[in-house]
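Accompanying notes for the structure given below.
Rule-based calculations on the coordinates, nothing more; no lab input. Keep in mind it's a predicted model, so treat the numbers as computed, not measured. Every residue, glycine among them, receives a Cβ derived from its backbone with ideal geometry; neighbour counts consider all protein chains shown.
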Amino acid sequence: MAFGGYIREVRERRRREDRTFSLRQVAGRVGIEPAYLSKIERGQTPPPSERTIRRLATELDEDADVLLAMAGKVSQDLQEIVMLRPKLFADLLRQLREAPDHAVLRVAREVRSAMS
C-alpha cells in the first residue's frame, strides 16, 4: 500500500473509535493544513518531510521508521550512521536483504551483546 493510503486507512480506523481523528483535527495536531494532509492521503503530493512523518507517526501511534520507509525515506540519524562506514553498512544490508527475520534479529542481538 502507498504511504498516503496507509495514513488515511490508519487515521480513519482511529476515527471510528475516536472522533478527534478527523482529517482537520489530526492535521491541526500535527501542524499542517488539512488540505495538505488530504493531498498526502490521496497521493496527490509526495510524502512530507521526516519531521512531519514523525509527527504523524506519534499522532497515529505508528512506528516512525516504518512510515519513513513507506515514504521512501531513511531517518537522518540512520543516514548519519551509514555515512560513518558506508561500504561496510552497504555490504551488510545487501547480505541481510534475503535473510529471514529471525536471522536478522540474531545478528542484532549478537551486536548488542558484543557491545555490553
What is the gain in length, in nm to one decimal, between GLU17 and MET115 on full extension, counting 0.36 nm per residue of separation less the C-alpha to C-alpha distance? 31.0 nm
For the chain: span of alpha carbons on each principal axis (Å, largest first): 47, 27, 26
Theoretical FRET efficiency, 1/(1+(r/R0)^6), r = Cβ-Cβ of GLU62 and LEU96, R0 22 Å, to 0.05: 0.40
Cut-off 10 angstrom, C-alpha nodes, Gaussian network model of the chain. Which of ALA71, ALA35, ALA90 fluctuates the most? ALA90
Nearest 10, in degrees from 0 to 90: the angle of helix 50-60 to the longest Cα principal axis of the chain is 70 degrees
With Cα coordinates, the longest principal axis of the chain makes an angle with the long axis of helix 3-17, in degrees rounded to 10, of 60 degrees
GNM result for the chain, Cα springs below 10 Å: residue of GLN95, GLN76, GLN25 fluctuating most strongly: GLN95
In debye, nearest 20: dipole of the chain around its Cα centre with unit charges on the Cβ of K, R (+) and D, E (-)? 220 debye
If the elastic network links every pair of Cα atoms under 10 Å, which of LEU60, LEU105, LEU37 fluctuates the most in the Gaussian network model of the chain? LEU105
GluC sites (Glu not before Pro) in the range 19-116 lying in a DSSP loop, each with at most 12 other Cβ atoms within 10 Å of its Cβ, come to GLU98
Considering only DSSP states other than H, G, I, E and B, which chymotrypsin sites (Phe, Trp or Tyr not before Pro) in the range 1-107 qualify as loop sites with at most 11 other Cβ atoms within 10 Å? none
Using the Karplus equation 6.51 cos²θ - 1.76 cosθ + 1.60 (θ = phi - 60°), what ³J(HN,Hα) coupling, rounded to whole Hz, does each residue of the range 27-36 give in order, writing x for Gly and Pro? 4, x, 5, 7, x, 10, 6, x, 4, 5
Expected unfolding gain across ALA103-MET83 under the 0.36 nm per residue rule, minus the alpha-carbon gap, is 4.8 nm
Sites GLN44 and VAL74 - FRET efficiency at Förster radius 25 Å, r taken between beta-carbons, to 0.05: 0.60
